[in-house]
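The values are calculated or read from the model by the stated rules, or taken from the named source; none is laboratory data. The structure displayed is predicted, hence computed values, not measured ones. Ideal geometry is used to build each Cβ from the backbone, glycine not excepted, and the neighbour counts take in all protein chains shown. Just the protein is used for accessible areas: all its heavy atoms, side chains included, with ligands, DNA and RNA removed. Shrake-Rupley method; radii C 1.70, N 1.55, O 1.52, S 1.80 Å.
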Amino acid sequence: MDDPFQQPQRQCDLVMKGGITSGVVYPPAILELARDYRFRSIGGTSAGAIAAAVTAAAEYGRKTGSFIRLKTVSDQIASEGFVLNLFQPDRSTRPLMQTLFALVDESKHEKPWRYPRLFLRLTRALLINTPQAFVSGALLGLVVVFLLIVLVGGGINVVAVLLLLVAAWLTGLALGIYALSDILLHELPSRSFFGLCPGHREHAPENTPLALTDWLNLTINNLAGREATAPPLTFRELADHREDDQDYSIDLRMVTTNLSQESPYVLPFTTSTFLFKVSDMQALFPKNVVDHLINHAHKIPAISLEQLPGYCWLPQEKDLPIVVATRMSLSFPLLISAVPLYSVKRVAFRRRVEGQPLMLTADDLQQNWFSDGGICSNFPIHFFDAWLPTRPTFGINLVSLDSEMFERQNKQYISTEFQSILSLDRPDQEQTDPLAGRRSELRRRIEHAVHMPRADQLLTPQWQEVNDLLAFIRAVFGSAQNYRDTQQSILPSYRERIVQINFDRDEGGLNLAMKPQTIMAIQDKGRRAGELMRGFDFRHHQWVRTIVLMALMERQLKSVEQAIQVIDFEQLMQDQLDSQQRVDLRASFPYPQPPEWTEEALQRINALRQLVTEWHRQEWLVENPPIPRPVLRVTPEL
């Protein structure tokens, strides 16, 4: 079988958004894009991190037919029950998960019967998942109400029977809910790392479906061209990737959130500041991954771990397995267990003695909980950005709109009935197939659901109706989570390289039990997204970025010109040098530089003065820049 992925003529970068099960859209888009492009820099968050890791592994193993194997993975994802089986709860958390997802499924029904059905579904779920608590509560309610009836001298009549049944139902609900709350408040934090699903089953029986992390580890190794139990693929191997003596290094980045510090982190870490506990990793990762973490643990001679058996430093940046970074990025709060790492308390370093290693104890450590990167940045489209790019950085943005909103904003609605027949399409059947007309209509509708705007097409953020308290709360958290990414995505020189895929209420997200035809419909959208990216005109993008950059530089140089006239740089440099001779450290300048550095810096500042003078002989670039106008400022990476 010929491999159509062996001779890509172009290179690109790719950033993918998080979205839990919405990630099933990515493999077809990646496969479509891989026909023409070699992936050099890949980034993502949450489900986007899974797609990024899979893409990096496939690029690493391209010569071994990895993208053909990725097509098999894509087909596997669409099979009945596959996605749901990835989310396997612990035995202790299974009742809570099954009850919650029964209610999530029921909440999709329209009013006015939504809430009565919800209570009936809750009753059934509690009876199945907490039978002992529910039956005990029901019996307690029956006994209490029966005794009350007897005490007031009442008899057993129709009203009394109804009271007994209602009491049994309500007390059964109460004790069932109490049992679930006990799991939520005690089991989840203490035993399950704040998640219903650990993602790993340490002693799973043979021929049982793989949990999420186990499947991900197997898939990454498979795409990289190695055995399932072989050492995991690392960031170092991606960075050192070569083919036919050509440098085809792969830059993979992901986002995770350190809840203990309320801060995002880019993975892999650039500094070795965290330790891991072996037993924690064994609960979350397969044996080959844990063995690699132990064997490649970083060594810090100045700090001793002799009194901390079972703890190791996390491997250095490039020695970290990509499956570990991916798992840290996809820990969707409460659904997937968080990943615990440990850092050293600052107070511990006060015991350091010159010339002797610092002996750490358990009291010197503080636990850090790493959860979903999407909490802080769900679509890090700024990854791999350059003032003047030499290759495109594509983005895939996922937008969830219900049917009514989708039709209102896009004038088209893709029904599941139509979606399910698209995958059966055959070009040679157009003349004889009675469904050919419907498929043609479906293709037209999918083109409306998957959109990649021109650079000069002004975009506005998606509007969603806020008509009840739940929608209001969702909007609050959605705004806090996505506003940076949303604003970045609509800027000129960004928007034209981002393909937007609209999802209906029943597609992606927390819909773990999607039907195969629904997944196939989502994958059809992914293929369409790949087609749009393959047709991208990079020269147009470079032209727009040039205009944007020139306007930005003109505004910034104008402010530099004003600063240069005010700041006496010669005196500033001399003051910095003089301060280094003072005994009082509070009076010395931070980050002191030697005389050679200050001399060179003054020469460059004078060159900048000349540049500013030449640039502003006539202002003309800021008159009509593309809108909305971006800004250039000093800012953290995330």
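Below, the figures for the structure above:
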read-out	value
Cβ pairs under 6 Å, 6+ apart, first in region 497-524 and over 21 Å from Pro461 (Cα atoms) and touching a residue at least 12 places away in the same chain (Cβ under 8 Å), second outside any loop (DSSP other than H, G, I, E, B) and small (Gly, Ala, Ser)	Gln517/Ser420
Criterion (surrounded by 10 or more Cβ atoms within 10 Å (Cβ to Cβ) and under 30 Å from Gln457 (Cβ atoms)) met by exactly one of Leu608, Leu602, Leu632, Leu577	Leu632
Any hit, region 203-219, residues being in contact with a Leu (Cβ under 9 Å, 6 or more places away or on another chain), over 19 Å from Ile50 (Cβ atoms), modelled with pLDDT of 95 or more and surrounded by fewer than 20 Cβ atoms within 10 Å (Cβ to Cβ)	no
Hey, Arg346 in contact with a Leu (Cβ under 7 Å, 6 or more places away or on another chain), open to solvent by 20 Å² or more (accessible area, probe 1.4 Å) and among the basic types (Lys, Arg) or not	no
Spans of helices (runs of 4 or more DSSP H) in region 1-94 with at least 1 residues open to solvent by 40 Å² or more (accessible area, probe 1.4 Å), without any contact (Cβ under 8 Å) to a residue 40 or more places away in the chain and out of contact with any Cys (no Cβ under 6 Å at 6 or more places or on another chain)	66-77
Residue in region 179-199 that is assigned to a helix (DSSP H, G or I) and of a type in the set (Phe, Trp, Tyr) present	no
Any pair with Cβ under 6 angstrom, 6 or more apart, that starts in region 353-365 at a residue that is within 12 Å of Ser304 (Cβ to Cβ) and ends at one that is among the hydroxyl-bearing types (Ser, Thr, Tyr)	Pro357/Ser304; Met359/Ser304
Answer residue from region 539-597, given it is more than 20 Å from Val631 (Cα to Cα) and among the small types (Gly, Ala, Ser) and is modelled with the lowest pLDDT among those	Ala587
Matching residues in region 496-525 - criterion: being modelled with pLDDT of 90 or more, outside any strand (DSSP E or B) and within 20 Å of the chain's Cα centre (by Cα)	Arg497, Ile519, Ile522, Gln523, Lys525
Single condition Ile183 does not satisfy, out of (1) aliphatic (A, V, I, L, M); (2) under 28 Å from Pro333 (Cβ atoms); (3) open to solvent by 30 Å² or more (accessible area, probe 1.4 Å)	(3)
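Residues checked against (1) touching a residue at least 24 places away in the same chain (Cβ under 8 Å); (2) surrounded by fewer than 18 Cβ atoms within 10 Å (Cβ to Cβ); (3) in a helix (DSSP H, G or I):
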{"site": "Thr256", "(1), (2), (3)": "yes, no, no"}
{"site": "Ser260", "(1), (2), (3)": "yes, yes, no"}
{"site": "Val266", "(1), (2), (3)": "yes, no, no"}
{"site": "Phe276", "(1), (2), (3)": "yes, no, no"}
{"site": "Gln282", "(1), (2), (3)": "yes, yes, yes"}
{"site": "His292", "(1), (2), (3)": "yes, no, yes"}
{"site": "Cys312", "(1), (2), (3)": "yes, no, no"}
